[in-house]
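Participant: Take a look at this one; I'll ask things after.
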Amino acid sequence: MKLLDRLRKKQQDVDLKEKKGIDAYIESLSASSMETFVENIATTFKENDKLDYYQVISNHLGLALFTINLKNKEITYVSRKVEEILEISKEKLTIDYWKSLWYKGETIDFSAIYARLTNEGKNSHTYRIVTPNGSVKWINETTVAVEDEIGNIGKVVGVIEDCTNALQLEQKIHFITTHDELTNLPNFLNGRQHIQEVIDRYKTKTERFALFCVNLDGFSRINNTLGFKIADEAFKQLSIKLEKYLNKGVFLFRSQGDEWYAVVECSMKNEEYMSHAKEIIDIIQAPLQIQDYSIRITASIGISIYPEDGENKVELIKNANTALKRAKKHGAANYQLYAANMNIESFKTFQLETDLQSAIKNDELYIEYQPKVDVKSQKATSAEALIRWKHPLWGEVSPMEFITIAEESNFHREISEFVIDSVCKQVGQWEERGIQFNTVSFNLSAKDFLKSSLIRTLKTTINRYQINPKHLEIELTEGTLLQETSVVQDQIEQIKALGITLSLDDFGTGYSSIHYLKKLPSDIIKIDRSFIQHIHKNVEDKIIVKSIIELTKGLNKTVVAEGVENEEQFSVLQSLGCDLIQGYYFSKAVSARRMTELFKMNQIKPAICKSKAPMNRRKYYRVSFPFFPLHTEMTIVSFNGKAVTLGATDVMVLDIGLGGLRFVSHLKLKPHTDILYNFKTTLLGKDIILNGTIVRYEEKEQDIFEYGVEFHMEESDRDELASVLNKITLQMKQNPLFNDGDFIDENPSSYLSKIQRR
């Protein structure tokens with residue numbers, strides 16, 4: 001027993017500093033090392049001298065060791081540390097008393113514990129207690145089974161730890177990492193996780209829930225004018241007001257400086273969600289009193305709904321943001337549902353925005369060239385490079401549709417670099433082959449001129465393809481020129497210094513075109529198509545164009561007229577002395593290969609389009625509306641195999657048969673079997689609802705497209721449609737100006753222009 005004596009002596013001599021060091025060591029012990037210690041006690045439990053040895057060690061090291069005899073349900077040993085943790089003397093401590101300390105509502109499954117002791121020989125679990133002094137503590141308990149002579153569990157040896165401080169620290173750290181410091185609301189990371197949890201619950205339900213994206217309008221003004229402290233206090237007060245209003249069933253979390261999300265777990269109609277959005281806006285609009293300031297703030301809200309607007313958290317968040325952007329376009333204090341207010345055009349825009357980033361990687365972007373023709377010789381002397389996008393579902397997408405999206409999503413730089421590289425590469429090939437031409441022009445984003453990297457990109461690309469910069473022409477728009485900063489002005493001067501030609505695009509449309517004509521070192525002026533469209537019929541347009549041409553020539557610059565589509569326009573421009581024309585009269589935009597052929601020609605003949613027979617290839621009899629097109633609402637009901645809910649877009653139906661219909665629209669759509677359209681109109685006082693896919697299209701004139709649709713319908717529905725069409729046919733025989741329907745007394749060009757301006 002010499003070792004035991006030495007240990008007892010050491011226990012008496014240990015000073016406070018050593019004791020603290022030992023305690024720190026014990027606290028650093030892992031659960032596995034503590035478990036090993038308990039197992040060692042259990043294996044030597046029958047050797048009383050060794051048991052005494054372990055008991056002395058436990059007291060010496062401050063371990064909360066205890067042993068229980070299961071046969072007579074008695075606690076046979078507790079160390080001083082157990083008494084300290086439980087705040088009770090060992091004389092009073094019984095199994096029942098220990099149980100009485102458990103926190104109210106705390107449940108401990110003894111059958112599961114006994115099963116683990118039997119099967120694994122050990123058990124660990126954590127629970128809460130309330131000590132006789134009222135302290136709430138978290139206890140981590142590790143027990144090991146001790147078998148008797150016949151292999152039954154007769155005793156257990158255990159150790160408890162007071163892990164309250166560690167758990168509280170863990171909870172505090174968890175709160176800090178999952179909550180917003182200013183408002184104590186859950187943060188974005190926490191919110192995303194919560195959305196996923198809600199989705200997991202709703203997967204087995206037939207109900208819906210909504211995600212609100214609430215964004216303050218112009219909140220940065222408060223930061224800039226009143227300071228961040230007042231702005232923070234305003235946001236904090238608004239957060240409290242929102243929490244009180246939203247209450248149960250709503251999980252509110254902060255996304256960023258001026259934005260919250262609210263997960264509304266309540267299945268409602270769209271109108272009810274919108275009603276809640278209006279109430280939230282009203283609550284936020286109520287004046288706030290902060291220090292000496294009365295502050296009024298407005299908010300806009302975008303709403304996405306599960307599962308219609310997204311089946312995962314990424315889609316729901318993205319679509320709520322899309323709805324928010326649309327709400328803000330209508331001004332402050334507005335709200336929008338993602339799908340309910342989205343028609344085909346906005347749906348297409350959203351899809352393009354989603355797919356644009358992968359367009360270059362997937363080799364979907366390409367360049368076409370539209371010739372600029374010398375008016376006197378009718379030879380193609382220059383060309384404009386026009387970027388195109390061949391989308392897998394929407395077909396050929398014009399730059400007017402996706403350039404704005406690119407600028408809003410900060411993807412413009414990649415597109416501009418693609419255009420510069422593609423044009424320089426093609427110019428290099430033409431130079432190498434000895435093709436004669438003056439310039440190839442291209443547009444850049446206005447934002448590109450704010451980046452100092454633009455000049456470096458131009459220089460690098462010109463050197464890479466070893467081309468003559470005089471063959472390049474950059475068209476400047478007023479959007480670029482309105483940014484009258486020293487950076488933009490410097491960029492333009494450096495571009496000119498490189499030997500690149502500069503042209504002033506869309507001349508005449510801006511309020512300060514004459515100002516730029518004087519200020520900018522431009523070589524070419526392009527007259528906007530809006531002045532050319534009616535030049536052969538409108539005297540004022542002709543006078544304006546004549547003045548521009550004379551002014552331009554007086555400044556020794558070249559003048560180009562764009563948007564020339566017919567012989568009458570060409571003749572007027574020829575008589576006025578215009579230098580170059582560009583437009584469908586001679587050629588649409590063509591491939592580089594075709595442009596090579598056009599450059600080689602001594603003279604280009606006008607691409608006069610012979611009138612074609614109406615596009616109609618259906619085997620069924622059709623009813624035509626030759627005098628007044630039929631107003632019809634069109635929407636998409638299925639996209640790429642997935643049902644969608646969208647608003648309607650107005651189109652003009654030219655004829656209907658049992659197999660399909662023909663309509664015109666300003667939208668450019670691609671024939672595709674994976675896009676199912678719905679058409680709703682009125683004939684003979686009856687609503688006609690038809691589904692079908694676009695199977696063919698033709699561009700009738702610029703921005704006006706004619707489509708052929710093939711119906712998807714049951715035979716019973718076809719029979720019902722046949723009855724309506726037969727009645728219309730009979731009435732038309734009696735009155736060719738049949739008007740018992742929602743007809744449009746306007747030509748397609750003017751009507752569709754109005755739709756575009758809405």
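The values are calculated or read from the model by the stated rules, or taken from the named source; none is laboratory data. This one's a predicted model, so the numbers in the text were calculated from it and none came from an experiment. Heads up, the Cβs are rebuilt from the backbone with ideal geometry, glycines too, and the neighbour counts pull from every protein chain shown.
Here's the yes/no breakdown for (1) free of Cβ contacts under 8 Å to residues at least 24 places away in the same chain; (2) surrounded by fewer than 18 Cβ atoms within 10 Å (Cβ to Cβ):
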{"position": "Gly434", "(1), (2)": "yes, yes"}
{"position": "Ala446", "(1), (2)": "no, no"}
{"position": "Ile455", "(1), (2)": "no, yes"}
{"position": "Arg464", "(1), (2)": "no, yes"}
{"position": "Asn468", "(1), (2)": "no, yes"}
{"position": "Leu472", "(1), (2)": "no, no"}
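Participant: Can you confirm whether Val440 is farther than 20 Å from Asp490 by Cα, touching a residue at least 24 places away in the same chain (Cβ under 8 Å), among the β-branched types (Val, Ile, Thr) and in contact with a His (Cβ under 6 Å, 6 or more places away or on another chain)?
Facilitator: When the stated conditions are applied, Val440 does not pass them.
Participant: Six or more apart or on different chains, Cβ atoms under 7 Å: show the pairs whose first residue is in segment 383-411 and at pLDDT 85 or above and whose second is among the basic types (Lys, Arg) and surrounded by 15 or more Cβ atoms within 10 Å (Cβ to Cβ).
Facilitator: The qualifying pairs are Ala383/Lys372; Glu384/Lys372.
Participant: Continuing with the same structure: Taking strands (runs of 3 or more DSSP E) that fall entirely within segment 636-683, which contain at least 1 residues that are in contact with a Gly (Cβ under 9 Å, 6 or more places away or on another chain)?
Facilitator: In segment 636-683, 660-665, 675-683 are the strands (runs of 3 or more DSSP E) which contain 1 or more residues that are in contact with a Gly (Cβ under 9 Å, 6 or more places away or on another chain).
Participant: Further question: So which of Val560, Val545 is within 20 Å of Gln370 (Cα to Cα) and either in contact (Cβ under 8 Å) with a residue 40 or more places away in the chain or surrounded by 19 or more Cβ atoms within 10 Å (Cβ to Cβ) (or both)?
Facilitator: Just one listed residue meets the conditions, Val560.
Participant: Tell me which residues, restricted to segment 233-252, are surrounded by fewer than 16 Cβ atoms within 10 Å (Cβ to Cβ) and more than 16 Å from Ile283 (Cα to Cα).
Facilitator: Lys248, Gly249
Participant: So which helices (runs of 4 or more DSSP H) stay within segment 41-114 end to end and still have 3 or more residues that are at pLDDT 90 or above?
Facilitator: Helices (runs of 4 or more DSSP H) meeting the threshold: 80-86.
Participant: Another question about this same structure. What is the one condition in (1) over 31 Å from the mean Cα position of the chain (by Cα); (2) over 17 Å from Arg622 (Cα atoms); (3) at pLDDT 90 or above that Thr693 does not satisfy?
Facilitator: Among (1) over 31 Å from the mean Cα position of the chain (by Cα); (2) over 17 Å from Arg622 (Cα atoms); (3) at pLDDT 90 or above, the lone unmet condition for Thr693 is (1).
Participant: Going by what's in this entry, would Leu730 be described as at pLDDT below 90, more than 21 Å from Phe347 (Cα to Cα) and assigned to a loop (DSSP other than H, G, I, E, B)?
Facilitator: When the stated conditions are applied, Leu730 does not pass them.
Participant: A follow-up question, please. Of everything in segment 316-348 that's touching a residue at least 60 places away in the same chain (Cβ under 8 Å) and in a loop (DSSP other than H, G, I, E, B), which residue is surrounded by the fewest Cβ atoms within 10 Å (Cβ to Cβ)?
Facilitator: Across segment 316-348, the extreme among qualifying residues is Ala332.
Residue-by-condition table, conditions (1) surrounded by fewer than 15 Cβ atoms within 10 Å (Cβ to Cβ); (2) under 30 Å from Lys390 (Cα atoms):
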| site | (1), (2) |
| --- | --- |
| Leu676 | no, yes |
| Phe679 | no, yes |
| Leu683 | no, no |
| Asp687 | yes, no |
| Thr693 | no, yes |
| Val724 | no, no |
| Leu737 | yes, no |
| Gly741 | no, no |
| Pro748 | no, yes |
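Participant: Against the condition touching a residue at least 24 places away in the same chain (Cβ under 8 Å) and not in a strand (DSSP E or B), how does Ile367 come out, does it pass?
Facilitator: no
Participant: Among the residues of segment 287-315 satisfying the criterion of being in contact (Cβ under 8 Å) with a residue 40 or more places away in the chain and assigned to a loop (DSSP other than H, G, I, E, B), which is surrounded by the fewest Cβ atoms within 10 Å (Cβ to Cβ)?
Facilitator: Gln291
Participant: I would also like to ask the following. Within segment 619-641, restricting attention to residues that are in contact with an Asp or Glu (Cβ under 8 Å, 6 or more places away or on another chain) and charged (D, E, K, R), which residue is modelled with the lowest pLDDT?
Facilitator: The qualifying residue modelled with the lowest pLDDT is Arg622.
Participant: Continuing with the same structure: Which of the residues that make up segment 266-308 are among the small types (Gly, Ala, Ser) and either under 25 Å from the mean Cα position of the chain (by Cα) or within 17 Å of Lys325 (Cα to Cα) (or both)?
Facilitator: If the condition is that a residue be among the small types (Gly, Ala, Ser) and either under 25 Å from the mean Cα position of the chain (by Cα) or within 17 Å of Lys325 (Cα to Cα) (or both), then Ser267, Ser275, Ala277, Ala299, Ser300, Gly302, Ser304 are the ones that fit.
Participant: Out of Glu396, Glu384, report the one residue that is surrounded by 18 or more Cβ atoms within 10 Å (Cβ to Cβ) and under 14 Å from Val590 (Cβ atoms).
Facilitator: When all the criteria are applied, what remains is Glu384.
Participant: While we're here: Which ones in segment 512-536 are in contact with a strand residue (DSSP E or B) (Cβ under 7 Å, 6 or more places away or on another chain), β-branched (Val, Ile, Thr) and over 14 Å from Lys496 (Cβ atoms)?
Facilitator: Scanning segment 512-536 gives Ile525, Ile527, Ile532.
Participant: Looking at segment 705-719, is at least one residue closer than 30 Å to Tyr585 by Cβ, out of contact with any strand residue (DSSP E or B) (no Cβ under 8 Å at 6 or more places or on another chain) and modelled with pLDDT under 90?
Facilitator: No.
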